[in-house]
């Protein structure tokens, strides 16, 4: 277990979030009750003392534990469709549901992931 983790990039509901211990993030609505703990195990990148470990596709053994603070609705987004000269107008609104999480702990096993390369070649490989 490593306690010197700076941040992690986790994936949940198809979106990626950069989180540190103590951060509050809004993710797409989850079914857990407020006060419960949720484990985010899809950790894509882990930074420890400035050294970055990149997963392939996830960092093995790394998990992020978060507490569910509550659920809510985001601000309303107005969708207005309009076509000129034909009197076509449609106005609808949408409020996205979200879950508020507080990051409590980021843990990783020793040797999880691989070091990020610092080459400027952009990942080109030579095939012979």
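Just a few scattered comments:
- Whole-number Å³ per residue for the convex hull built on Cα positions in segment 5-110: 133
- Cα→Cβ-extended label distance, 7 Å offset, between residue 52 and residue 78, nm: 4.1
- Between residue 69 and residue 94, the C-beta separation translates, for a Förster distance of 25 Å, into a calculated FRET efficiency of about 0.60.
- Potential extension, residue 16-residue 39 segment - 0.36 nm per residue separation minus Cα distance: 6.8 nm
- FRET efficiency for residue 87 and residue 24, using Cβ-Cβ distance with R0 set to 41 Å, rounded to 0.05: 0.35
Values quoted throughout were computed directly from the atomic coordinates according to the rules given, and no laboratory measurement underlies them. The structure presented is a predicted model; accordingly, all values stated were derived computationally and were not measured. Using ideal geometry, Cβ is built from the backbone for each residue, glycine included, and neighbour counts are taken over all protein chains shown.
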